[in-house]
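Asks: Okay, handing you the structure first.
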């Protein structure tokens, strides 16, 4: 089998990169071509993503890849969900996109649910309530008189915008659309009911395409590179979690669950149909679309964001640590003396995270961590206990016991968190691949271009190409700790 080459543009809230994937003899290899920071800034009274910076870095990475003179078969972008860019009739952004953590949605859910109760919204979308969801950003814009949308013809979500920049074809893939809470997973279309309630024009909502749609050949300046001349742009799973879950190395239909571990933790099961029962609504589980029309039935959890924000705060105060150092200090600090309910809204917003952790501990009558190691240990144990609690609820909603938990994403590098997760869930944990999002992005391209045979074949390639590690449950978290956490 001759080698086939692909490019994945993988965008996260902290950083982005351009990855080269080479598929040969049934195995995939990856090489990072270009990595860059992602950044937000305050502009026009809102927290916005620095879109010109992202564009510059993405196309710098693609230029570097083109200089390899390898024939690129496909290219695709994935990114975090929810956020969107308003575009004019020529497809040009009218403003930098507002970031999902911007405070403009404060009070928006309460206002919207007075007009349309959450239970009705859930029956229309199957998406859990989170104030960051696109639905509430739209509501906030409409309340303010339309905002940036007044100068726009339509929007695209972040990854889909870059796919359009490369192909000239504007469309949003269903995995990304399903993160907005304005998409109906049963009709596989934008929700007319919600659009009407928002008071928005239907024409603002872009065309939808299934995951794994070939949009067309590269266009514009990209065509001048001989290595890219035949490349096809593919809407894979534009939502990074969709791409990551596609790369879970689980070929059977066994009773497994997944945890995509990174800035956010997303824990769930892969199902053939959405679960939109009253119990799922009450538990606020979400139904997002995956490859082959599968449903990622999951719960969003605050994730390693809390550690990342603590690290930023310490760095600003002159205490500079890398993540390995913080994890080592967390191990040395011993068992946590306090735990956090990561459902508390204070842990979702940015800034002053150590102070937020300390105030939460004081308010709940727990000891305040004394060192960075103790802070990180508190956060990691709280995450693991939250995973266990969420998994128990997941099992009650899907009607079977999970036998294995697969963890993918950058969080798999944290052995302490992996072991605590096995301890808390009392399940065998299999970690890897680390680069699940880029792997899923690339292999969905190969599937769309008919260079691999099936979804099952895709997962076989993952299993054959990348190592995994196993963690067995131990006595790391006592019943006393579990009971104390449950009270929080």
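Asks: What FRET efficiency comes out for the pair residue 332/residue 150, r = Cβ-Cβ distance, R0 = 60 Å, nearest 0.05?
Replies: Computed FRET efficiency for residue 332 and residue 150: 0.65.
Asks: I would also like to ask the following. Over the range 409-488, what lengths in whole Å, largest first, do the semi-axes of the equivalent ellipsoid take, defined as the square roots of 5 times the eigenvalues of the alpha-carbon gyration tensor?
Replies: 35, 12, 11
Asks: Sorted from largest down, what three extents in whole angstroms do the Cα atoms of the range 169-268 have along their principal axes?
Replies: So the extents along the principal axes, rounded to whole Å, are 44, 42, 26.
Asks: In what sequence, highest mean first, do 28-36, 111-119, 151-159, 180-188 appear when ranked by Cβ atoms within 10 angstrom?
Replies: Listed from highest to lowest mean packing, they are 151-159, 180-188, 28-36, 111-119.
Asks: Can I ask one more? Project the alpha carbons of the range 50-109 onto their principal axes and report the range along each, largest first, in whole Å.
Replies: That gives 52, 25, 19 Å along the principal axes, largest extent first.
Asks: Mind listing P(r) for the chain? All alpha-carbon pairs, 20 Å bins, whole percents.
Replies: 24, 59, 17, 0
Asks: Could you sort the peptides 138-144, 405-411 by per-residue average Cβ neighbour count (10 Å cutoff), highest mean leading?
Replies: Going by the mean number of other Cβ atoms within 10 Å, highest first, we get 405-411, 138-144.
Asks: Could the peptides 37-50, 377-390 be put in order, highest first, of the mean number of other beta-carbon atoms found within 10 Å of their residues?
Replies: Order by mean packing, descending: 377-390, 37-50.
Asks: Taking neighbour counts of Cβ atoms within 10 Å as a proxy for exposure, in what order, fewest first, do 105, 60 appear?
Replies: In order of increasing Cβ crowding within 10 Å: 60, 105.
Asks: Please state, to two decimals, what the Cα-based radius of gyration of the range 1-118 comes to when divided by 2.2 N^0.38 Å (N = residues).
Replies: 1.38
Asks: Gain in length, residue 207 to residue 359, computed as 0.36 nm per residue apart minus the alpha-carbon separation, to one decimal in nm?
Replies: Going from the current span to full extension adds 50.1 nm.
Asks: Would you please state which residues of the range 370-387 a label at residue 317 would reach in this model, taking the label point 7 Å out along Cα→Cβ and a backbone N cut-off of under 19 Å?
Replies: Hits in the range 370-387 for residue 317 at 19 Å: 370-380.
Asks: Which parts of the range 153-180 would a label at residue 89 reach, counting a residue when its backbone N lies under 19 Å from a point 7 Å out along Cα-to-Cβ?
Replies: 153-156, 169-170
Asks: Would you mind getting me the FRET efficiency between residue 279 and residue 226? Use the beta-carbon distance for r and R0 = 56 Å, nearest 0.05.
Replies: 0.50
Asks: Still on this structure: For a footprinting-style exposure proxy, rank 263, 77, 22 by other Cβ within 10 Å, fewest first.
Replies: If I rank by nearby Cβ atoms, fewest first, I get 22, 263, 77.
Asks: If you don't mind, there's one more thing I want to ask. What number, rounded to the nearest 500 deg cm²/dmol, is the helix-based mean residue ellipticity at 222 nm of the chain, given -39500 (n - 2.57) per DSSP H run of at least four residues and division by all its residues?
Replies: Result for the chain, helices only: -11000 deg cm²/dmol.
Asks: In whole percent, what relative contact order does the range 4-238 give with Cα contacts below 8 Å and a gap of six or more residues?
Replies: 21
Asks: Next question. Using Cα pairs closer than 8 Å and at least 6 residues apart in sequence, work out the relative contact order for the chain, in percent.
Replies: Worked out over the chain, it gives 15 percent.
Asks: Okay, next question. Let me make sure I get this right: for the range 207-330, a, b and c are the square roots of the gyration tensor eigenvalues over alpha carbons, sorted descending. Under 1.5 in a/c it's rounded, otherwise prolate if a/b > b/c, else oblate. Which is it?
Replies: Oblate, since a/c reaches 1.5 and b/c is not below a/b.
Asks: Cα atoms only, the range 4-238: Rg and Dmax in Å?
Replies: Over the range 4-238's Cα set, Rg and Dmax evaluate to 18.3, 58 Å.
Asks: Same structure, new question: For the range 104-202, compute the orientation-averaged projected area of the C-alpha convex hull (one quarter of its surface), in nm².
Replies: That works out to 6.4 nm², a quarter of the Cα hull's surface.
Asks: Fully extended, how many nm does the chain gain between residue 195 and residue 341 (0.36 nm per residue separation, minus their Cα-Cα distance)?
Replies: Between residue 195 and residue 341, full extension yields an extra 49.2 nm.
Asks: Hey, fewest Cβ within 10 Å first, where do 5, 137, 225 land in order?
Replies: With the fewest neighbours first, 5, 137, 225 line up as 225, 5, 137.
Only the coordinates and a few stated rules stand behind these numbers; no lab work does. Everything quoted here is computed from the prediction, not taken from an experiment. Neighbour counts are summed over all protein chains in view; Cβ atoms, including those assigned to glycine, are modelled from backbone coordinates with ideal geometry.
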